[in-house]
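Structure first, then comments.
The values are calculated or read from the model by the stated rules, or taken from the named source; none is laboratory data. Keep in mind that what you see is a predicted model, and the values were worked out from it rather than measured. All Cβ positions, glycine included, derive from the backbone under ideal geometry; neighbour counts span all protein chains shown. Note: areas computed on protein heavy atoms with side chains; ligands, DNA, RNA excluded. Shrake-Rupley method; radii C 1.70, N 1.55, O 1.52, S 1.80 Å.
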Amino acid sequence: MSTSPPLPENALHDQHLPSLPRYETKDHGIPIDRLPPELMLGIFRCTRKMERRPRDLVRLMLVCKRWYTLLDGTPFLWTSIDASDGEAFVSKALQRAKDAPLEIRFQARTASMKRETFFTLVGEHIGRWRSFNVLTDDPGLLELVLGDLERKGAPALEAILLQGAYGMEQYMRKLVLFGGHSAPMGLKDLTLRHVAINSENLHLQGLKSLTLDEISGITSEVIVDILRSSPHIEVLRLSCFEAPVKQDPQHADRVHHKILLPRLTHLSVDFLPIPFLVQLFPYIEVPCLRKFGLCCDLQDRLASQLLSIELRAQVFTLASMTSDIKALTATLDSGVCYTIEGEGLDVLVSMDVAPLSIDRIQECFNWLSKTIGRPLSDIPLALDLDNCDPDPSYLEWFSRHANVTKLSLLQYNGAELELIIPFLAQPTSSIPVTWLLPGLEILETTLVGYDGNPDILKMLERRYASGDDAGVRPPKPLREIRLSFGGKGSLSHLNRSFLQNVVCIAEGADVYWEGQKWVDAAAVSDLDTVS
């Protein structure tokens, strides 16, 4: 969610500060009374981050006359105008803010005043709006406030967030931003979620951050034009919206000229139409990219080519971004999608049907290996199996192609992850023979019931008792074992015998129960109950 622009660092010295009264320093005063007004205001500035800021500001004003004078006469402390604070506070805050830039926020769910009253009060100061956030399930409200923006103008506006209810973009009338005219020159941050936009009358330029999530009416051509008009954009997030690609010959000519975005450091695209991504990726240059997120559906062949072909234009940037990557995380979730994460990299791939194809996993890992420029077996990998039923062949594939150092088996309902445990207790039957996940150092699981889990004990015994039999290299000893209760409700009594057996078998490993380290049997007395 978009946030209001931060207060300038020189806010304590700008034109919106009062002429601060000077107070004599008394040797017998309490230490805080000896602080100069400028330093006191710096402390008060932290109240802007308080959860109950209005009440806390009022309480501070009641401490003493000096504090009252400072707070009452400092406009920047009163510039956050939120409908949840109530009519009385909003009216007083607008008065005390004087001519300072305002941060306007209306959330229908938390508003404690009528929307008409709120927008009437803040509308009188629209020329000083610096940020404007509206979260509502009423399309009519969005049309109302956008009408005010069109009629009155908001020349100081730097950030806008408009968010509707889930699915609202499907039935609402398309909104026209700024009456079809150009956005304010100072607008730098635009966030739109669950709204329908008339893209033909959308004119944006000079943006530093753009977030579009579940938007109806935006075309790929509009996105490309925004990027061309915002060469200094730093953050681009596009998620889950229809972006039809029009076959416009003139636009095709324009798009084939590379778009240089030298300041773009954060790029994420989630479940967008593949034709749109195919048009976008080859034609942008992002030399300073530091975080890349991609979510896509690889069910069809066109989508699977996205990694191997369409991202080829970004290979040098991605290689530079991940050159120092020290660890990866792969998550298989419910058997139909998986995520690969690293420092600055977040790739989620899903399919419409289960089970997730091992070929798709291999395809993505091959692309990742080429992008990073080194084998994935050189990089520690945390493998999370989250409430899914993976075939043991998945683990065998990871054993042969990756360096899995952490395995998380997290089961909450319906899945049969416990069937994986016995396969970890023996070498593979295929050639070359190897233990599953031989480099495993950390095991995390919720597969612990009222009686513990005998399969976990048997698996630990066999892995720790294995030698270099028949030329099969034994697995690494575990460094950490993290156990949690995976049944319904809560576990009122720990199975001390089970935990003690885990410690004895996995000698030297740190054992944790529900996140708390267990040292020896005596320590369990401090953990008699788990809430």
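Worth a mention:
- Residue pairs, from the table 152/174; 326/458; 98/291; 258/370, whose Cα atoms sit over 31 Å apart: 326/458; 98/291
- Calculated translational diffusion coefficient of the range 162-201 (10 °C, 1.306 mPa s; Stokes-Einstein with Kirkwood radius over alpha-carbon pairs) equals 143 µm²/s.
- Expressed as a whole percent, the accessible surface of the range 360-431 that belongs to carbon and sulfur atoms is 49, based on a 1.4 Å probe.
- Rounded to the nearest 20, the Cβ-based charge dipole of the range 125-240 about its Cα centre (Lys and Arg +1, Asp and Glu -1) stands at 360 debye.
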